[in-house]
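Below is one structure, written out as structure tokens; comments come after it.
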Amino acid sequence: MKTANGFQIIEMFEQFSPKQYAMDGDPIGLHVGQLNKPVTKVMIALDVLEEVVDEAIECGVELIIAHHPLIYRPLKKIDTTVAGGRIIEKLIKHDITVYAAHTNLDVAKGGVNDLLADALQLKDTEVLIPTHETALKKLVVYVPKADEQKIREALGKAGAGAVGNYSYCSFSGEGTGRFLPGEGSEPAIGSLGKLEAVAEVRVETIFPENIEKKVLSAMIKAHPYEEVAYDIYKLENKGESLGLGKIGVLAEEMSLEQFSEHVKQTLDVDKVRVVGDLHSPIKKVAVLGGDGNKYFTTAKFKGADVYVTGDMYYHTAHDAMMIGLNIVDPGHNVEKVMKKGVARILKEMCHERNFDVEFIPSEINTDPFRFI
């Protein structure tokens with residue numbers, strides 16, 4: 001097993017949740033500390049409260065990856081007599097780095113909204129509010145015929161060749177590769193100073209640009225040649241649509257009252273706020289983590305019977321009633337689903353790279369609201 005540093009952990013994370021997915025002005029990225037240090041234990045948190053920092057200290061964590069930014073607005077001072085200042089003081093004293101991924105993690109495939117849709121057991125999901133379209137690229141690599149299958153498998157495992165519901169898609173054509181090994185080379189095939197001709201296969205596949213480093217690394221690692229010949233082309237084809245929220249259908253229709261109980265159970269909340277007739281039939285569901293007030297009309301336009309989101313305003317609820325849209329508000333804190341989800345994804349990524357890193361979901365309940 002290899003030791004990772006903070007840069008390597010965040011580089012992996014940003015392959016999954018790139019910064020360019022974030023909304024304008026969102027204060028994501030490094031908030032406190034440094035990444036140029038060994039990291040063996042990472043805590044995944046929804047919020048960075050003082051109790052969460054104390055938990056990280058007790059667990060021996062070197063890095064916290066949080067969904068909600070610690071420093072959302074510019075600081076005018078750091079007063080260590082109050083909780084906000086003490087948080088930063090403790091982080092610095094214990095050399096704990098804080099990195100925030102907010103709306104980019106909402107948008108990312110496998111991010112907050114995908115995790116919420118999965119928890120609600122929605123089928124045939126699509127993006128509710130598109131914000132990004134993944135650019136596609138084509139990779140062409142030349143490989144000896146005997147190693148063709150090895151390269152295909154490495155590329156597919158890295159995520160290349162995904163087209164709709166298909167994976168490991170590629171094309172190949174046979175030909176002859178020629179090269180002259182020079183002084184200092186160590187050719188896998190051929191001899192120094194002798195022109196060599198090798199039966200090769202041209203392998204073509206596509207990939208989303210955000211995983212380019214991963215795909216190239218996998219290809220080069222699997223390739224037998226000392227110097228790999230390959231080309232990369234930008235494509236005009238439209239890639240996968242990404243954005244805020246998801247909309248999908250339930251396996252079976254249920255009433256709004258039954259669906260509200262379903263939300264409580266699947267999202268692990270004690271109470272929900274409900275807008276609409278409890279007998280309304282629910283089949284198509286829109287969900288958006290956090291504050292989704294401004295997007296309720298989009299949910300209705302796309303045919304949702306109910307919109308699941310947090311922080312619903314009083315007058316927005318009235319507006320939803322007037323257009324016939326049911327609302328279930330389980331609170332902002334249901335985004336806590338990201339803690340175990342992100343920990344699982346990063347654990348898998350580290351396993352692929354043979355990094356010895358432990359990922360711990362924070363156990364602290366950071367929901368400020370209580371129902372009495």
In degrees, nearest ten, helix 256-266 long axis to first principal axis of the chain (Cα): 50
If you wrap a convex hull around the alpha carbons of region 169-294, what volume per residue comes out, as a whole number of Å³? 214
What order, most packed first, do the peptides 55-68, 308-321 have when packing is the mean number of other Cβ atoms within 10 Å of each residue? 55-68, 308-321
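Pulled fully out, how much extra length does the chain show between MET321 and LYS109, if you take 0.36 nm times their separation in residues and subtract their Cα-Cα distance?
Result for the pair: 73.2 nm of gain on full extension.
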Run the numbers on the chain and let me know its relative contact order in percent, using alpha-carbon pairs under 8 Å that are six or more apart. 20
Net charge near LEU192 (other residues with Cβ under 13 Å of its Cβ; Lys, Arg +1; Asp, Glu -1) is -3
Let me test this: with uniform point scatterers at the alpha carbons of region 1-121, what is the Debye-based log₁₀ I(q)/I(0) at q = 0.11, 0.17, 0.18, 0.22 1/Å? -0.38, -0.89, -0.98, -1.30
Among 244-251, 149-156, how do they line up by average Cβ neighbours within 10 Å per residue, starting with the highest? 244-251, 149-156
When the gyration tensor of region 328-368 is built from Cα positions, what are the square roots of 5 times its three eigenvalues, in whole Å, from largest to smallest? 27, 11, 4
Under 18 Å from the Cα of LYS157 - aspartates and glutamates, other chains or at least 8 residues apart: ASP147, GLU148, GLU204, GLU209, GLU212, GLU348, GLU352
Once the Cα atoms of helix 83-93 and of the chain are each reduced to a long axis, what angle between those two axes, in degrees from 0 to 90 to the nearest 10, is obtained? 30
GLN121-SER241 pseudo-label distance in nm [points 7 Å out on the Cα-to-Cβ vector]: 2.7
Cα coordinate range in the chain, projected on the principal axes (Å, largest first): 83, 51, 32
Under Stokes-Einstein, with the Kirkwood radius over Cα pairs standing in for Rh, what whole-number D in µm²/s applies to region 294-338 at 4 °C and 1.567 mPa s? 119
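Please give the calculated 222 nm ellipticity per residue for the chain, where each DSSP H segment of at least 4 residues contributes -39500 (n - 2.57) and the sum is spread over every residue; nearest 500 deg cm²/dmol?
-8500 deg cm²/dmol
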In whole percent, and with a 1.4 Å probe on the protein chains, what portion of the accessible area of region 82-175 is carbon and sulfur? 51
Projected area averaged over all directions for the convex hull of the alpha carbon atoms of region 1-65, nm², comes out at 5.2
How large is the direction-averaged shadow of the alpha-carbon convex hull of region 175-241, in nm²? 5.8
Check which residues have an amide H placed less than 5 Å from ALA135's amide H, if you skip close sequence neighbours. GLU209
Taking 1 over the mean of 1/r across every pair of different Cα atoms in region 217-372, what Kirkwood radius in Å do you get? 18.8
Arrange the residues THR103, THR125 by how much accessible surface each exposes, largest first, with a 1.4 angstrom probe. THR125, THR103
In Hz, Karplus ³J(HN,Hα) per residue of region 207-224 (6.51, -1.76, 1.60; θ = phi - 60°; x = Gly, Pro): 7, x, 4, 6, 10, 4, 4, 5, 5, 5, 4, 5, 5, 5, 5, 7, 7, x
Hey, what did region 70-168 get for relative contact order, percent, Cα under 8 Å, at least 6 apart? 10
Per residue, accessible area of region 78-204 with a 1.4 Å probe, heavy atoms of protein chains only, in Å², comes to 52
Using alpha carbon centers only, region 1-59 is separated from region 183-247 by a whole-angstrom value of 30
How big is region 110-229 by the Kirkwood estimate over distinct Cα pairs, in Å? 16.7
Roll a 1.4 Å probe over the protein heavy atoms and report the accessible area of PHE369 in Å², nearest 10. 140
Over region 274-322, give the accessible area per residue in Å² for a 1.4 Å probe, as an integer. 50
Express in nm, to one decimal, how much length is gained between GLU11 and TYR230 on full extension, taking 0.36 nm for each residue of separation and deducting their alpha carbon distance. 76.5 nm
Restricting to Cα pairs under 8 Å and 6 or more apart, the percent relative contact order of region 1-107 works out to 38
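Per residue, how big is the convex hull around the C-alpha atoms of region 105-168? Give it to me in cubic angstrom, could you?
Spelled out: Cα convex hull of region 105-168, divided by residues, is 111 Å³.
The values are calculated or read from the model by the stated rules, or taken from the named source; none is laboratory data. Remember, predicted model here, so these are calculated numbers, not experimental data. Every residue, glycine among them, receives a Cβ derived from its backbone with ideal geometry; neighbour counts consider all protein chains shown. Areas reflect the complete protein model, heavy atoms only, side chains present, ligands, DNA and RNA absent. Shrake-Rupley method; radii C 1.70, N 1.55, O 1.52, S 1.80 Å.
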